[in-house]
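Below is one structure, written out as structure tokens; the observations come after it.
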Amino acid sequence: MAVNVMQIPSEKMDSNSYLVEENGHVIIIDGASCEGVLRAVESNGWQVDYLLLTHEHFDHIWFLEELRQAYGMPVAACRLTSERIQDVKANLSNIADVLYYFKTGIVREGKSKSFTCAPADLTFEDTWSLDRRGHRFDFVRLPG
């Protein structure tokens, strides 16, 4: 059993989604990319089991709702991240253009829209374990 990890760059900013695949089943880590994730999943005929969020910032959740709609998988995050994806100030989407400029030096045409996402389907306080297909994934909330 080989576990494959694929890095998918975001179409919008210098951030990534990751696909952890084994035997045609996938866990998506962060919703930073949409087209790349859709292309990889569809071209390989994979089934998406979960989407895990590392944190709430806009560049990691830009395509969360599109991926939810496409695959209907449960989204997992710590409780605080789940709350913060629902708030434009906490997810920083209200200042996305400013952050993009400071990261890239490029001024975007037009203004990005602030956005929120629906809460995570599975939340945890400090730790959470996911037993999946003979593997155990342990998640720990790390303030930062």
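Please work out which residue is farthest from residue 124 (Cα to Cα), limiting yourself to the stretch 46-98 and to residues that are among the small types (Gly, Ala, Ser) and surrounded by fewer than 21 Cβ atoms within 10 Å (Cβ to Cβ).
Among those residues, the one meeting the criterion is 70.
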Point to revise | Neighbours by Cβ (under 6 Å, 6+ apart or cross-chain): first from the stretch 1-16, touching a residue at least 24 places away in the same chain (Cβ under 8 Å); second open to solvent by 70 Å² or more (accessible area, probe 1.4 Å) | key: 11/35
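A quick yes/no check of all residues on (1) touching a Cys at 6+ places or on another chain (Cβ under 9 Å); (2) under 16 Å from residue 14 (Cα atoms); (3) modelled with pLDDT of 95 or more:
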{"position": "38", "(1), (2), (3)": "no, no, yes"}
{"position": "50", "(1), (2), (3)": "no, no, yes"}
{"position": "53", "(1), (2), (3)": "yes, no, yes"}
{"position": "62", "(1), (2), (3)": "yes, yes, no"}
Exercise for review: Report, ordered by the first and then the second residue, all pairs with beta carbons closer than 6 Å, sequence separation of six or more or different chains, a first member in the stretch 51-68 that is under 16 Å from residue 144 (Cα atoms), and a second member that is assigned to a strand (DSSP E or B) and of a type in the set (Gly, Ala, Ser).
Suggested key: 53/77
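Table: residues versus (1) among the β-branched types (Val, Ile, Thr); (2) part of a loop (DSSP other than H, G, I, E, B); (3) touching a helix residue (DSSP H, G or I) at 6+ places or on another chain (Cβ under 8 Å).
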position	(1), (2), (3)
8	yes, no, yes
14	no, yes, yes
20	yes, no, no
31	no, yes, yes
51	no, no, yes
Exercise for review: Check 41, 107, 98 and return the single one that is in contact (Cβ under 8 Å) with a residue 12 or more places away in the chain and among the β-branched types (Val, Ile, Thr).
Suggested key: 41
**Study point:** Residue satisfying all of: in the stretch 99-120; aliphatic (A, V, I, L, M) and within 16 Å of residue 55 (Cβ to Cβ); surrounded by the most Cβ atoms within 10 Å (Cβ to Cβ) among these
**Key:** 120
**Study point:** Inter-residue pairs, beta-carbon under 9 Å, first of a type outside the set (Phe, Trp, Tyr) and in the stretch 130-144, second assigned to a loop (DSSP other than H, G, I, E, B) and surrounded by 10 or more Cβ atoms within 10 Å (Cβ to Cβ), 6+ apart
**Key:** 133/23; 135/3; 140/126; 141/126; 144/55
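The values are calculated or read from the model by the stated rules, or taken from the named source; none is laboratory data. All of these numbers come straight from a predicted model, not from anything done at the bench. With ideal geometry, Cβ positions are generated from the backbone for all residues, glycine too; neighbour counts draw on all protein chains shown. Accessible surface areas use protein heavy atoms only, side chains included; no ligands, DNA or RNA. Shrake-Rupley method; radii C 1.70, N 1.55, O 1.52, S 1.80 Å.
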